[in-house]
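Rule-based calculations on the coordinates, nothing more; no lab input. Note that the structure is predicted; figures quoted are calculated from it, not measured. Positions of Cβ are generated from backbone atoms using ideal geometry, with glycine treated the same way; all protein chains shown enter the neighbour counts.
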Amino acid sequence: MTTSNFENMTRAELRDYVRHNPHDTEAFHKYVDKLRASPNRITITPDQIDTELAKLFQSS
């Protein structure tokens with residue numbers, strides 16, 4: 001697959017492609033780029049990981 005095809009894929013389509021083609025590093029990098037560009041992206045510091053995971057487990 002070419003880079004232009006990855007650009008035209010939705011995030012879900014590219015995720016599925018990467019799952020089925022785990023050795024395609026170019027596709028993986030494009031997928032990560034799409035994730036980083038997401039407006040709903042949440043970032044936390046390493047110190048916050050335990051607290052955030054505990055919250056997730058309590059709510060489920």
*What nm value, rounded to one decimal, do you get for the distance between Thr45 and Phe28 when each label is placed 7 Å out toward the C-beta?*
3.0
*How far, in degrees from 0 to 90, does helix 49-59 lean away from the longest principal axis of the Cα atoms of the chain, to the nearest 10?*
80
*Within the chain, list the chymotrypsin sites (Phe, Trp or Tyr not before Pro) lying in a DSSP loop whose Cβ has at most 11 other Cβ atoms in a 10 Å radius.*
none
*Say we join alpha carbon atoms closer than 10 Å with springs in a Gaussian network model of the chain; which of Asp24, Asp33, Asp47 then has the biggest fluctuation?*
Asp47
*Å³ per residue of the Cα convex hull, for the chain?*
122
*Local charge sum around Asn21 (other residues, Cβ-Cβ under 15 Å, Lys/Arg +1, Asp/Glu -1)?*
-1
_Restricting to DSSP loop positions (anything but H, G, I, E, B) with no more than 13 other Cβ atoms inside 10 Å of their own Cβ, which trypsin sites (Lys or Arg not before Pro) remain in the stretch 1-44?_
Arg41
